[in-house]
Amino acid sequence: MKKINVLIADDHQIVLDGLTLLLQNEEDIHIVDVVADGSLALKVMEYEKVDVAVIDISMPGLDGVETTKAIKEKYPETAVLILTMHNEGGYITELIKTGASGYILKNRGKEELVDAIHKVAAGGQFFSESVTQTLIADIKNGEAAKKKNNMIQLTRREKEVLKHISRGLTSPQIAEVLFIAPSTVETHRRNLIDKIGVPNSKGLVRYAIKNGYSD
């Protein structure tokens, strides 16, 4: 029986001990080493063949994102399985882009961990159900925000004012450029804040940059 060589990196000794106990009796899983940070994981991989690297996100030195990136650059054949308490869309998306094959949470049981190791070792992917739900929620929220932006109708003058706001011009400066009264610029500014739904002019700048009203 071909064994899956597994390396575990986590900065909590109690987690390393617990994972070792969970996996040591699995006939087809061999724990190559357990280490406390990403740098040590990379050192181990210099002389040990690793099929699956089980990596935590929050570690001193090289964190999970940096470690995953380094592993996929140096050892692309090694699958990275993230094991963490973080269930935030930003982390999940970034690690998928970096090359992680799986993402599971520490509050799950042994069966899911073993299943995940088998799946990613075979070239597949594995994500905890709650992780998948987080990704779906993020996609829906992103689509809702995009739909809202598409529904915002700005007049030609509002677009001009927004463009100059994104350049950092004050209301008197914008008034001079557009040959209108400063009070009129302020009215457009207030209308833009209300229409776009941002708290202040900084929000207008961010909106302008994100939606192509800034050059």
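None of the figures in this text is laboratory data; all of them are computed from the coordinates on show. Because the structure is predicted, anything quoted here is derived from the model rather than measured. All Cβ positions, glycine included, derive from the backbone under ideal geometry; neighbour counts span all protein chains shown.
Tally Lys and Arg at +1 and Asp and Glu at -1 over the other residues with C-beta under 11 Å from the C-beta of Gly38: what net charge comes out?
-4
Sorting check: for 166-176, 1-11, 95-105, which peptide has the highest mean count of neighbouring beta carbons within 10 Å, and how do the rest follow?
Taking the mean over residues of other Cβ atoms within 10 Å, the ranking is 95-105, 1-11, 166-176.
If packing is taken as the average number of other Cβ atoms within 10 Å across a peptide's residues, how do 49-55, 157-163 rank, most packed first?
49-55, 157-163
Which percent of Cα pairs goes in each bin when the distances of the chain are cut into 10 angstrom slices starting at zero?
8, 28, 20, 12, 14, 12, 5, 1, 0
I'd like to verify something in the chain: which complete DSSP H helices, judged by Cα projection on the helix axis, reach 27 Å or more and average at least -1.0 on the Kyte-Doolittle scale? The partial results should precede the final answer.
Details: long enough: 129-151 (33 Å, -0.80).
Both cut-offs are met by 129-151.
State to the nearest 20 debye the size of the charge dipole of region 150-210 about its Cα centre, where the only charges are +1 on K and R beta carbons and -1 on D and E beta carbons.
Rounded to the nearest 20 debye, it is 240 debye.
Of the options Gly124, Thr93, Leu83, report the single residue whose Cα projects farthest towards the positive end of the charge dipole of region 4-133 (beta-carbon charges: Lys, Arg +1; Asp, Glu -1).
Thr93
Longer than 26 Å from Cα to Cα, which of Lys2/Lys97; Lys43/Lys69; Lys106/Lys210 are they? Say none if no pair is.
Lys2/Lys97; Lys106/Lys210
For the chain, set up a GNM with springs between Cα atoms under 10 Å and report which of Ile180, Ile196, Ile14 has the largest fluctuation.
Residue with maximal mean-square fluctuation among Ile180, Ile196, Ile14: Ile180.
What does the charge count near Leu178 come to, summing +1 for each Lys or Arg and -1 for each Asp or Glu among other residues with Cβ under 15 Å from its Cβ?
Details: positive: Arg156, Arg157, Lys159, Lys163, Arg167, Arg189; negative: Glu158, Glu160, Glu176, Glu186.
Value of the local net charge: +2.
By what distance, in whole Å, do the Cα atoms of region 150-210 stretch along each of the three principal axes, largest value first?
The principal-axis extents, from largest down, are 29, 19, 16 Å.
Which of the GluC sites (Glu not before Pro) across region 48-143 are loop residues per DSSP, with 11 or fewer other Cβ within 10 Å?
Answer in residue order: Glu48, Glu77.
Under a Cβ-only charge scheme (Lys and Arg +1, Asp and Glu -1), can you give me the dipole magnitude of the chain about the Cα centre, in debye to the nearest 20?
1660 debye
Around Val80, with a cut-off of 14 angstrom between Cβ atoms, what is the net charge of the other residues, counting Lys and Arg +1 and Asp and Glu -1? Mind dumping the intermediate values first?
On the way: positive: Lys69, Lys72, Lys74, Lys97, Lys119; negative: Asp10, Asp51, Asp56, Asp63, Glu66, Glu73, Glu77, Glu94.
For residues surrounding Val80, the net value is -3.
Counting other beta carbons within 10 Å of each Cβ, put Asp28, Asp194 in order, fewest first.
On the way: Asp28 12, Asp194 9.
Fewest to most other Cβ atoms nearby, the residues stand as Asp194, Asp28.
So between Asp115 and Asp17, what do we pick up on full extension, going 0.36 nm a residue minus the alpha carbon distance?
That pair, Asp115 and Asp17, stretches by 33.3 nm at full extension.
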